[in-house]
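Read the figures in this text as sums done on the coordinates, not as results from a lab. For clarity, every value in this text was computed on a predicted model and none was experimentally measured.
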Amino acid sequence: MHATKEVGEAILAVQRTTQSNIANVESAVQAVASATDLAGRSGMALEDIVHLVETASTQVQSIAAAAEEQSAASEEINHAVEEVNTVASETSKTMAEASRSVLELSRQAAELRVLIQDLKSDGQSQA
């Protein structure tokens, strides 16, 4: 009987170990399932991040293009302002010359009046 009792105890020990192994395997299966779920959610989060990075990259490219356009427009404006300054300077010089010419014409007109007056006076004194 003693051997039967030992065999019974051995069988119980094997059964307990088997049940413990089954519980451990079930726990491992749940851990793998949880890890798989987390990996799937991580993958989706990474896809969202990649999408956001692509969107940000597109926006940065748009901003860079707009900055280039603004820079080109600013250069055109500066060039136009320089042209206006040149025209204004040339106009100012031309106006100064015109003013001198008008003064000279005024002086010559005054001389001409004096000459005409002298001619009239000479004509009247000879008559």
Tell me the Kirkwood hydrodynamic radius of segment 59-127 in angstroms, computed as one over the mean inverse distance between distinct C-alpha pairs. 17.4
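When the helices in the chain are scored as -39500 (n - 2.57) per DSSP H run of 4 or longer and the sum is shared across all residues, what 222 nm value do you end up with, to the nearest 500 deg cm²/dmol?
When only DSSP H runs of four or more count, the value is -38000 deg cm²/dmol.
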Hey, could you pull the Cα Rg and Dmax for segment 33-75, both in Å? 18.6, 63
Computed lengthening from Lys93 to Ala3, 0.36 nm per intervening residue step minus Cα-Cα distance: 19.3 nm
Bin all alpha-carbon pair distances of the chain at 5 Å intervals from 0 and give each bin's fraction as a whole percent. 2, 7, 5, 5, 4, 5, 5, 4, 5, 4, 4, 4, 4, 3, 3, 3, 3, 3, 3, 3, 2, 2, 2, 2, 2, 2, 1, 2, 1, 1, 1, 1, 1, 1, 0, 0, 0
